[in-house]
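All remarks here apply to the structure that follows.
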Amino acid sequence: MSDFFNPGPTVPRPDPYAHKAKHDADAHKYHHKGMTGFWRQVTDLVIAVGVLAVIVSLCIWLF
């Protein structure tokens, strides 16, 4: 049985600069790839929507 008043081991605090570092890395990636990265995301989204539409149409056709 655990002690109610024992909070357990301490958790290290998150790095305060981690969010800025991630933002800087994403910004560098965006500036490096430019619009090609944007169009790649758009085409991936269109493909995903197409696959979902095919699955839904098959379900409607079967039932």
Check your understanding: If we scan segment 46-62, do we find a residue that is within 17 Å of the chain's Cα centre (by Cα) and surrounded by 10 or more Cβ atoms within 10 Å (Cβ to Cβ)?
Key -> yes
Point to revise | Condition check for His23: assigned to a helix (DSSP H, G or I), surrounded by fewer than 10 Cβ atoms within 10 Å (Cβ to Cβ) and free of Cβ contacts under 8 Å to residues at least 60 places away in the same chain | key: no
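Each value in this text was obtained by applying a stated rule to the coordinates, not by laboratory testing. Since we're looking at a predicted model, the values are computed, not measured. Positions of Cβ are generated from backbone atoms using ideal geometry, with glycine treated the same way; all protein chains shown enter the neighbour counts.
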